[in-house]
Every structure is written in structure tokens, then in C-alpha cells.
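K.L.:
Before I ask anything, here is the structure I am working with.
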Amino acid sequence: MSLEGQPPDSDQVFSTAAELFGLLSAPVRLKIVCALSEGEKNVTQLLARVDTTQPNLSQHLSTLYRCGVLARRRVGAQVYYRVASERVALLCQAVREEQARQHIA
């Protein structure tokens with residue numbers, strides 16, 4: 001999903017953006033990314049923040065990892081996840097800011 005060197009109005013830019021929005025269209029995935037935008041977490045920590053089952057969470061984490069949205073590292077039996085895509089982190093920040101504005105208004 002690299003956009004470097006692409007003009008801002010190129011078809012590739014819009015195609016990549018649509019792919020990213022499709023990937024994050026599942027609310028659970030968006031919640032995962034927003035939780036991880038606060039910092040690295042393991043599966044247990046994510047389960048406390050995201051209302052889903054462990055198998056469902058693991059499936060979404062795997063998808064986000066394979067697509068390059070998340071990075072992971074293993075420490076013993078624990079796997080820690082973090083946001084690997086700056087674009088996704090910025091998108092999550094924009095969603096949070098919009099939510100905050102709506103709650104204030």
C-alpha cells in the first residue's frame with residue numbers, strides 16, 4: 001500500500017485509499033488500531049479494550065499484520081502488536097478527534 005512518488009490525484013492514490021478504508025471497515029479492526037495507536041499491547045491487553053472473543057481478535061490481528069497495518073514482536077509466549085503504518089495512525093487520530101468534537105457539540 002505504498003503511495004510514495006504518486007501525484008495526490010492519481011488513480012493509484014484513490015485505489016490505495018479505498019483498499020485501506022475497506023480493510024478498516026470492520027469496526028473491530030478500527031477499534032484494534034485505535035487501541036494500538038496509544039502504544040504497543042499484547043492480546044490480553046487488547047481483549048480488555050476491544051469487546052470481542054480471543055479467536056476473533058486473533059483473526060483480525062492476523063489480517064491487519066499481513067496487510068502491513070500492524071507490526072508484531074514476540075517476547076516468550078506473548079506477542080506484542082503495534083501500529084506499523086503512519087497513514088493508519090493518522091487516520092485513527094482523525095477519527096478520535098472527530099468523535100471528541102461530536103461529544104463536545
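K.L.:
With a probe of 1.4 Å, find how much accessible area the chain has per residue, and write the answer as a whole number in Å².
P.N.:
Details: 6650 Å² over 105 residues.
I get 63 Å² per residue for the chain.
K.L.:
Another question, then. Quick one: net charge around Ser58, please, counting Lys, Arg +1 and Asp, Glu -1 for every other residue with C-beta under 13 Å from its C-beta. Numbers along the way, then the final one.
P.N.:
Details: positive: Arg29, Arg66, Arg72; negative: none.
Computed value for this residue: +3.
K.L.:
For a quick check: with amide H placed at 1.01 Å from N, whose amide H comes under 5 Å from Leu70's, ignoring anything fewer than 5 positions away on the same chain?
P.N.:
Distant-sequence amide H within range of Leu70: Tyr65, Ala84.
K.L.:
Name the long-range amide H neighbours of Val79: under 5 Å, sequence gap of 5 or more, or other chain; modelled H, no Pro or chain starts.
P.N.:
Val43
K.L.:
I would also like to ask the following. Over the chain, what relative contact order in percent results from Cα pairs under 8 Å that are six or more residues apart? Please list the in-between numbers first.
P.N.:
Working: 91 pairs, mean separation 25.1, N = 105.
Here the relative contact order equals 24 percent.
K.L.:
Can you work out ³J(HN,Hα) from phi for every residue in segment 19-25, in order, using Karplus 6.51 cos²θ - 1.76 cosθ + 1.60 and θ = phi - 60°, giving whole Hz and x for Gly and Pro?
P.N.:
5, 5, 4, x, 4, 9, 6
K.L.:
Excluding Val28 itself, what net charge comes from residues whose Cβ is under 13 Å from its Cβ, given Lys and Arg +1 and Asp and Glu -1? List each step's numbers first, then the result.
P.N.:
Working: positive: Arg29, Lys31, Arg49; negative: Asp51.
Overall, the nearby charge balance is +2.
The values are calculated or read from the model by the stated rules, or taken from the named source; none is laboratory data. Because the structure is predicted, anything quoted here is derived from the model rather than measured. Neighbour counts are summed over all protein chains in view; Cβ atoms, including those assigned to glycine, are modelled from backbone coordinates with ideal geometry. Heavy atoms of the whole protein, side chains included, go into the accessibility calculation; ligands, DNA and RNA do not. Shrake-Rupley method; radii C 1.70, N 1.55, O 1.52, S 1.80 Å.
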